[in-house]
1. For region 344-357, does any single residue satisfy the condition of being within 16 Å of the chain's Cα centre (by Cα) and of a type in the set (D, E, K, R)?
2. Here are some residues: Glu391, Glu421. Which one is at pLDDT below 90, open to solvent by 50 Å² or more (accessible area, probe 1.4 Å) and among the acidic types (Asp, Glu)?
3. Can you name the condition, by its number, that Pro381 falls short on among (1) within 31 Å of the chain's Cα centre (by Cα); (2) in contact (Cβ under 8 Å) with a residue 40 or more places away in the chain?
4. Return only the number of the condition from (1) open to solvent by 60 Å² or more (accessible area, probe 1.4 Å); (2) closer than 30 Å to Gln371 by Cβ; (3) acidic (Asp, Glu) that Glu84 does not satisfy.
5. Given the conditions (1) assigned to a helix (DSSP H, G or I); (2) open to solvent by 90 Å² or more (accessible area, probe 1.4 Å); (3) of a type in the set (A, V, I, L, M), and given that Ile96 satisfies all but one, which numbered condition is not satisfied?
6. Can you name the residue in region 302-311 that is in contact with a Ser or Thr (Cβ under 8 Å, 6 or more places away or on another chain) and over 17 Å from His399 (Cα atoms) and is also surrounded by the fewest Cβ atoms within 10 Å (Cβ to Cβ) among such residues?
7. Would you check which residues across region 48-79 are touching a Cys at 6+ places or on another chain (Cβ under 8 Å) and either open to solvent by 20 Å² or more (accessible area, probe 1.4 Å) or assigned to a loop (DSSP other than H, G, I, E, B) (or both) and list them?
8. I'd like to check something: does region 285-302 contain any residue that is outside any helix (DSSP H, G or I), more than 26 Å from Thr405 (Cα to Cα) and of a type in the set (D, E, K, R)?
Amino acid sequence: MGQGSREQEFGQPGAMGGPQGPRQRQQELPLRILVPTQFVGAIIGKEGLTIKNITKQTQSKVDIHRKENAGATEKAITIHSSKEGCSQACRMILEIMEKEANDTKIVEEVPLKILAHNSLVGRLIGKEGRNLKKIEQDTGTKITISALQDLTIYNQERTITVRGGVEECCNAEMEIMKKLSEAHENDVASLNQTNMMPGLNMSALGIFSSGLSVLPPNSGLRGSLSTPANYSPLLGPSSVMGGMYGVPSSGALSLQQVSTEQEVVYLFIPTPAVGALIGKKGQHIKELAHFAGASIKIAAPDSPEEPERMVIITGPPEAQFKAQGRIYGKLKEENFFTAKEEVKLEAHIKVPSSAAGRVIGKGGKTVNELQNLTSAEVIVPRDQAPDENDEVFVKIIGHFFASQTAQRKIREIVQQVKQQERKHQQMVPTSSQPSK
């Protein structure tokens, strides 16, 4: 069973893309639910017949994390299938639990509890809670989410509790997973940028868990399905801490240095966090710069009361990803954001003034599309004067993956503008070009 020796697995031989079943996308977001420990036996059934029936009917693979957290009143179940298969398996499990509760009279209510990585939950909730309120209204359920202060570095999942009848809970599950999957797919799109970090070994990155189904090195698909509940997708099983300073414990980075173009990003962090980022005698910031392969400098404040300080990060795309990722992770680890806040930072990048219009687009179309795609807020101040290099600032505000996607998309637009300008210059007769 390899990594799955601490849990029970049930599934169809071809359910997850084997020769006998439909191939699911490797990065499909699994459904994770919490069930009361006393109902696990009923879900498995005598000699495993009940759970085998569920996996057969839904073409799914179900991991019951039975031996984890010994003595806990609840156990996690991970369901791997299509969205429809996950929902169908969830319905069958809820029906089993409701019948068991009615027969035993142990509990009056069995709510549906969905586990989701914290990095996805903010987008499920929506601005001012609008997404969640709409799901409640549309499905006739009551939904609550566990507090941020319950998170630890070992467990970055939050519990989404849905109360209502089985039918109502199942309808809510589909809507909740739809929102979580959209957020997950946007994060995957960020990782899959072809020019973003070619050859980067994500399991050795040493930042923080993103909730993405990133596989550890040399593991097949089946191996990825049976990882422990506290497995950190970006760190690997032995690197949950990732080192206080982001030094990976799972070996050297695998980098194919394709893009060496130096980029500069101005990242703003809370002023009280500066000491933690620098570390004792500058040790942390030195190790971070070495790990990321970037230059990291903290600008002097304009005034002592300045609420934020600017961190200037210089390096190629891979270095930017690693340095910014570790800074986001550090702020989370050190609790510089309150319990109700998701870690969102403001980043500034400079673009040629000739490209600013393209970033905005006609009638703001491009910048609106950028915001919809990335979930980041993108602002191109219209009243700013170009600097001595004829460049202007673009502001990006968002969580880590949202910011990274927006940065890469904006850089792509700039490259397109530069290529067009070069082509235009090549078409100009040599005699009209200024002498060098």
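1. Looking for residues that are within 16 Å of the chain's Cα centre (by Cα) and of a type in the set (D, E, K, R), one finds at least one in region 344-357, hence yes.
2. Of the residues listed, the single one that is at pLDDT below 90, open to solvent by 50 Å² or more (accessible area, probe 1.4 Å) and among the acidic types (Asp, Glu) is Glu421.
3. Just one mismatch for Pro381, condition (2).
4. Glu84 satisfies every listed condition except (2).
5. Here Ile96 clears every test but (2).
6. Initially, region 302-311 is screened for residues in contact with a Ser or Thr (Cβ under 8 Å, 6 or more places away or on another chain), giving 306-309.
Still in the list and also over 17 Å from His399 (Cα atoms): 306-307, 309.
Values: Glu306: 12, Pro307: 9, Arg309: 19.
If we take residues in region 302-311 being in contact with a Ser or Thr (Cβ under 8 Å, 6 or more places away or on another chain) and over 17 Å from His399 (Cα atoms), then Pro307 is surrounded by the fewest Cβ atoms within 10 Å (Cβ to Cβ).
7. Answer for region 48-79, where residues must be touching a Cys at 6+ places or on another chain (Cβ under 8 Å) and either open to solvent by 20 Å² or more (accessible area, probe 1.4 Å) or assigned to a loop (DSSP other than H, G, I, E, B) (or both): just Ser60.
8. Our first condition is that a residue be outside any helix (DSSP H, G or I); within region 285-302, this holds for 293-302.
Remaining after also requiring more than 26 Å from Thr405 (Cα to Cα): 300-302.
With the extra rule that they be of a type in the set (D, E, K, R), the set shrinks to 302.
Yes, region 285-302 has at least one match.
The values are calculated or read from the model by the stated rules, or taken from the named source; none is laboratory data. Fair warning: this is a prediction, and the values are worked out from it, not measured in the lab. Backbone-built Cβ (ideal geometry, glycine too); neighbour counts: all protein chains shown. When the accessible area is computed, the model is the full protein with side chains, heavy atoms only, and any ligands, DNA or RNA have been set aside. Shrake-Rupley method; radii C 1.70, N 1.55, O 1.52, S 1.80 Å.
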